[in-house]
Structure formats: structure tokens, C-alpha cells
């Protein structure tokens, strides 16, 4: 069990910006540098909060907000277009203290869906809300909205036009087949855990599909007694596997370590189902895990006493 005694040795923050088929030959040096800079900025902003004695919940929200504001990532401002040329965003946040959670799905024009999810968690009895009704709640909670042009990115729009021409619905949002989601997990000095995840969904989506991001236990989960998890990948498989919660269950009921539990879910359960992707996780001692079963995952991490790391490819 965690203690309220502060212990900076367990500080840890991990973030991701999507996983999938990410190949060096398909990525320009300038774009690779931009992705790494974006990850570094998000990690740095979250780490400042943890190092300053702040809560894990604040750190993961801030890290995800930074990525939502960056058009390189398929969340918030960089969200992909639906078939109708609009945006539908999902987000979730969960505190390992008391298993509190908030999640939103199929919302439009909300600048930072992760902040809406947190306000939903803290200011209402609801856990998951969707669509226009959710947007009305967001207004009542004082969330910031942005005009449609804020979300209009030329690169994303060209992806939509290409997907329309080929009559495909696509999960990829960058060079290669990348499964676009952003997320963060953290452990603070008190041993409290938190996870947050946000996504812009699928390019050329038509039929109201909801992925794993906003489903607590599938794409996002946190419990101070075990771990905090944020997933990225082909959402249908993560939903069927209840992937994020399964990591916690393997730790709680089978006594697996964080690393072993994560490896079991990503490289056994999901792989056997045919599910591509990965996840990031942290436990109450500040141990971290970042497994993925595809060619790459945009990721960055830092723990107390260690230098921040940023990576994209498997090596």
C-alpha cells in the first residue's frame, strides 16, 4: 500500500504519442526532430509539476494538454478528420487514489478534451459522457472551446482526401501506419498514480465508432494498489482484452511485476488476438514499462535521478 510520506525516489513520468508501423525511411529528419521536440516538451512540462511536489494527476493532464495543443499528434488540435470533414475527439483521465475517473467521447471543438474529462471527474457524478450532450456539460464546466479553423491542419486534411479517394477508414495519422493516441502515466512523491489518454479517432470515420481511449479499463486505468496504464493501438482489440485493467489484474491477483504484466498483455494476449499497439505503465514505486508489439511507438520517459529519454523506433 502507498504511504502519504513523500519520497521523491519514486517520481516517474511516461508519455506516448501513438504506436504502429513507424519506419525511418518514411520519416524525414525534420519531422522526426519535430516529433521528438514535441514529446520532450510534454515530458518536461509534466516533470516540472512532479519535481515541484505536484500531484500525478496534474502531471498527466498537463503532459497530455501539451500534446493536444501540438498538431503533430492525433489529439486536440491535431485530430484527424471524419468523413464529413469534422472532428470527433475522445479522452479519459483516472486517479489511482479512490479509482476516480472521467471520460468523454465524440466531442467537437473542445480545445483540451483531457481537461474536460478531469472536470467531469471532479465536478460531476458521471464517468463517461458523449456527443452534443457532453459538449453542453463542457460549457457548464467552463471548458475552453475553439473555432473549427483551429483544428484544421493541411496535412490532416490531405489524409482525409486520400482516404476518401481510396474509400478507406484509417487509423494512421503520420508516415507509416501509426495508431494515433497520446497518453501519460505518472507516480508522484506520495506514491499516488494517474493516467490520461486522448485521441482524435480515425481518418474518414463515418459511423460513430468509439475506440478504447475513453473506456475506463480498456485504454486508460489507474489504481494506487497496482499501476497506471495508458494504451495506444488498434482500439477494438484493447477493448476486447480490457487491456489496461488486465495489467492491473495480473499484478493484483497473480502477483506479477509491472514489467511482466505489461509484457503478458501486449506480447501474448493482444498478439494472439492480432492486436497491434503498445502501452505505457508505472507502479507506486516508480517502476515503468513501455512495451509495444509493432515497429515503433512515439514515447518519452523520466524517473528520479535519471536523464529524460525520447524514442520512436524499436531500437
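What follows is calculated from the coordinates using simple rules that are stated; it is not laboratory data. Source: prediction; values computed, not measured. As a convention, Cβ positions derive from the backbone with ideal geometry for all residues, glycine included, and neighbour counts pool all protein chains shown.
The ranking of 87, 192 by Cβ neighbour count inside 10 Å, starting from the fewest, reads 192, 87. Which angle from 0 to 90°, rounded to the nearest 10, does the C-alpha axis of helix 131-140 make with the longest principal axis of the chain? With rounding to tens, the tilt is 60 degrees. Gaussian network model of the chain, Cα springs within a sub-10 Å range: biggest mean-square fluctuation belongs to which of 89, 285, 27? Comparing 89, 285, 27 in a Gaussian network model of the chain, the most mobile one is 27.
Full extension of the chain segment joining residue 7 with residue 287 gains 99.4 nm, where the gain is 0.36 nm per residue of separation less the Cα-Cα distance.
Reported to the nearest whole Å, the Cα centre-to-centre distance from the range 34-57 to the range 259-315 is 18. Available extension along the chain between residue 86 and residue 253 is 55.8 nm, counting 0.36 nm per residue and deducting the alpha carbon span. A full extension of the chain between residue 132 and residue 109 corresponds to an added length of 7.2 nm, given 0.36 nm per residue minus the alpha carbon distance.
Could you tell me which of rounded, prolate or oblate describes the range 257-302, using a ≥ b ≥ c as the square roots of the eigenvalues of the alpha-carbon gyration tensor, with rounded for a/c under 1.5 and, failing that, prolate when a/b is larger than b/c and oblate otherwise? The shape class here is oblate. Model label sites at residue 311 and residue 32, defined 7 Å from Cα along the beta-carbon direction, differ in position by 1.5 nm. Taking all Cα pairs closer than 8 Å and separated by 6 or more residues, the relative contact order of the chain comes to 27 percent.
The sum of -39500 (n - 2.57) across all DSSP H runs of n ≥ 4, divided by the residue count of the chain, sets its helix-only mean residue ellipticity at 222 nm to -9500 deg cm²/dmol. For the chain, the longest principal axis of the Cα atoms and the long axis of helix 29-51 meet at an angle of about 40 degrees.
Scoring 305-314, 99-108, 231-240 by mean Cβ neighbours within 10 Å over their residues and listing the highest first yields 231-240, 99-108, 305-314. Computed from the alpha carbon atoms alone, the convex hull of the chain holds 120 Å³ per residue.
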